[in-house]
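Reviewing the structure listed below.
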Amino acid sequence: MTTVRKIIHVDMDAFYASVEQRDFPEYRGKPLTVGGSRQRGVVATASYEARKFGVYSAMPSVTAYRKCPHIIFVKPRFDVYRSVSKQIREIFLRYTDLVEPLSLDEAYLDVTENKKQISFATEIAREIKRKIRSELSLTASTGVSYNKFLAKIASDYNKPDGFFLIHPNHAEKFIEKLPIEKFFGIGKVTASKMKERGIFTGADLKQQELSDLINWFGKVGSYYYKIAHGEDDREVQPDRERKSISTENTFDHDLTRRSEILTELHKIGSELYQRMEKYSMFGRTLTMKVKFSDFHQITRSKSIHHCIRNKETLLSLMEDVFLDLDFSGKGIRLLGLGISNLDKPQTECIQLTLDF
């Protein structure tokens, strides 16, 4: 007898904004964004009070201010968010070691076999929500199903503070009724292309031939074919390999003088090195990201033969990349640095069970 996997997707509700409202009572019940300012920047997270005015993540903050003139802009405190994320992770680990973080505020859990011998994934999901609320004074939305794709969709179904189960017995009908833009992995552009071909729902997608989907959308067409049939065999991977470490900063005013730019790069480089040390991850390739005042963006990379293991080497390589750049007199609104080609920590460089 084959046992159906039991997957939970946990997604914190407006995570950064909720942490700020938790820690500062004067923010509670008010429209708030983390990131940006009245003059410039981008919204990282918007509170649910702000979302009522049409303010969302990744929106230019000037647009957010126009939509909601009394909105509060808060500078992000990533060290705090990382600390809270670690506390959330510790709650997950009470139930299973199969935890795959996707970001600071969401993760997959495989609870098919779990530490507390709880038979129902729904019970675990509700218990995790209660623990997060009682211990951290935050809310989370959880989705439960038999694969990652459906669990992810389920967690978004009743936000905020939501819970939703897509049972294996009901998954087929659920998928058939789902609007195509609600499919995780199908963005606005792809959804628009699908609608041009008469694909508006999961039922429409399910009717398409695999060969046609691959012809229209390339290799990802096979993924669309599988999810339309409720298939997703990806496992929860607790040890997802980190590909890079990076940090960036958006400035309140455009940087124009090279001395000023270099000073800011040194600050960003120092922060990047702190992260490298924290994770004991060192790499060979440094990448610089530059976004100009007209929003045009460039990246430049430089690699060396050995790992960058000290701040002096990192900053020296950063200056080499910087000196090769032609800014053409344009102001700079964002600078970022990242390390890739990483080495792992501590290494040297050179019939179905349906009890949901």
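The values are calculated or read from the model by the stated rules, or taken from the named source; none is laboratory data. The structure presented is a predicted model; accordingly, all values stated were derived computationally and were not measured. Cβ: placed from backbone, ideal geometry, glycine included. Neighbour counts: every protein chain shown.
Yes or no, residue by residue, for (1) among the hydroxyl-bearing types (Ser, Thr, Tyr); (2) closer than 24 Å to Phe164 by Cα:
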{"position": "Arg40", "(1), (2)": "no, no"}
{"position": "Ala58", "(1), (2)": "no, no"}
{"position": "Pro69", "(1), (2)": "no, no"}
{"position": "Phe78", "(1), (2)": "no, no"}
{"position": "Ser85", "(1), (2)": "yes, yes"}
{"position": "Ile91", "(1), (2)": "no, yes"}
{"position": "Pro101", "(1), (2)": "no, yes"}
{"position": "Ala107", "(1), (2)": "no, yes"}
{"position": "Ala121", "(1), (2)": "no, yes"}
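Does Phe174 satisfy the condition of being buried (at least 20 other Cβ atoms within 10 Å of the Cβ), of a type in the set (Phe, Trp, Tyr) and over 24 Å from Ser47 (Cβ atoms)?
Here the answer is no, as Phe174 does not meet what is asked.
State whether the residues of region 256-279 include one that is under 30 Å from Lys148 (Cβ atoms) and assigned to a loop (DSSP other than H, G, I, E, B).
No - not one qualifying residue is present in region 256-279.
I'm trying to understand the selection: among the residues of region 101-126, which are crowded, with 20+ Cβ neighbours inside 10 Å and within 18 Å of Tyr279 (Cβ to Cβ)?
Matches in region 101-126: Ala107 only.
When the residues of region 16-40 are filtered to those that are part of a loop (DSSP other than H, G, I, E, B) and either within 23 Å of the chain's Cα centre (by Cα) or in the same structural domain as Ile332 (by TED's automatic domain parsing) (or both), which remaining residue is nearest to Arg333 (Cα to Cα)?
Out of the qualifying residues, it is Arg40.
Taking the conditions exactly as written (out of contact with any Pro (no Cβ under 7 Å at 6 or more places or on another chain), assigned to a helix (DSSP H, G or I), of a type outside the set (Asp, Glu) and modelled with pLDDT of 95 or more), does Ile175 satisfy them or not?
yes
Looking only at region 179-191, decide whether some residue is surrounded by fewer than 16 Cβ atoms within 10 Å (Cβ to Cβ) and over 22 Å from Lys148 (Cα atoms).
Yes, region 179-191 has at least one match.
Taking the condition over 24 Å from Phe73 (Cβ atoms) and not aromatic (Phe, Trp, Tyr), does His306 pass?
Against the criterion (over 24 Å from Phe73 (Cβ atoms) and not aromatic (Phe, Trp, Tyr)), His306 qualifies.
For (1) out of contact with any strand residue (DSSP E or B) (no Cβ under 9 Å at 6 or more places or on another chain); (2) among the aromatic types (Phe, Trp, Tyr); (3) at pLDDT 90 or above, each residue gets a yes or a no:
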position: Gly218; (1), (2), (3): yes, no, no
position: Lys226; (1), (2), (3): yes, no, yes
position: Glu231; (1), (2), (3): yes, no, yes
position: Glu241; (1), (2), (3): no, no, no
position: Glu248; (1), (2), (3): no, no, no
position: Arg257; (1), (2), (3): yes, no, no
position: Leu262; (1), (2), (3): yes, no, yes
position: Gly269; (1), (2), (3): no, no, yes
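So which of Lys311, Lys267, Lys302, Lys278 ends up being touching a helix residue (DSSP H, G or I) at 6+ places or on another chain (Cβ under 6 Å) and surrounded by fewer than 16 Cβ atoms within 10 Å (Cβ to Cβ)?
Testing whether each residue is touching a helix residue (DSSP H, G or I) at 6+ places or on another chain (Cβ under 6 Å) and surrounded by fewer than 16 Cβ atoms within 10 Å (Cβ to Cβ) leaves just Lys302.
Per-residue answers, yes or no, for (1) closer than 30 Å to Gln237 by Cα; (2) touching an Asp or Glu at 6+ places or on another chain (Cβ under 8 Å):
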{"site": "Tyr56", "(1), (2)": "yes, no"}
{"site": "Pro60", "(1), (2)": "no, no"}
{"site": "Phe73", "(1), (2)": "no, no"}
{"site": "Val84", "(1), (2)": "yes, no"}
{"site": "Gln87", "(1), (2)": "yes, yes"}
{"site": "Asp97", "(1), (2)": "yes, no"}
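Can you tell me how many residues in region 44-57 are part of a loop (DSSP other than H, G, I, E, B) and either more than 16 Å from Val19 (Cβ to Cβ) or modelled with pLDDT of 90 or more (or both)?
Going through region 44-57 one residue at a time, the tally reaches 6.
Only residues that are among the polar types (S, T, N, Q) and closer than 12 Å to Leu342 by Cα: list them for region 272-303, please.
Correct list: Ser280, Thr285, Ser303.
For region 135-158, enumerate the residues that are small (Gly, Ala, Ser) and surrounded by fewer than 24 Cβ atoms within 10 Å (Cβ to Cβ).
Ser137, Ser141
What pairs come up if the first residue lies in region 84-98 and is closer than 11 Å to Asn114 by Cβ, the second is part of a helix (DSSP H, G or I), and their beta carbons are under 9 Å apart, counting only those six or more places apart or on different chains?
Phe92/Ile128; Arg94/Ile128; Arg94/Lys131; Tyr95/Ile124; Tyr95/Glu127; Tyr95/Ile128; Thr96/Ile124
Condition first: farther than 18 Å from Ser83 by Cβ, surrounded by 20 or more Cβ atoms within 10 Å (Cβ to Cβ) and among the small types (Gly, Ala, Ser). Now tell me which residues in region 1-58 satisfy that.
If the condition is that a residue be farther than 18 Å from Ser83 by Cβ, surrounded by 20 or more Cβ atoms within 10 Å (Cβ to Cβ) and among the small types (Gly, Ala, Ser), then Gly35, Gly36, Gly41, Ala46, Ser47, Ala50 are the ones that fit.
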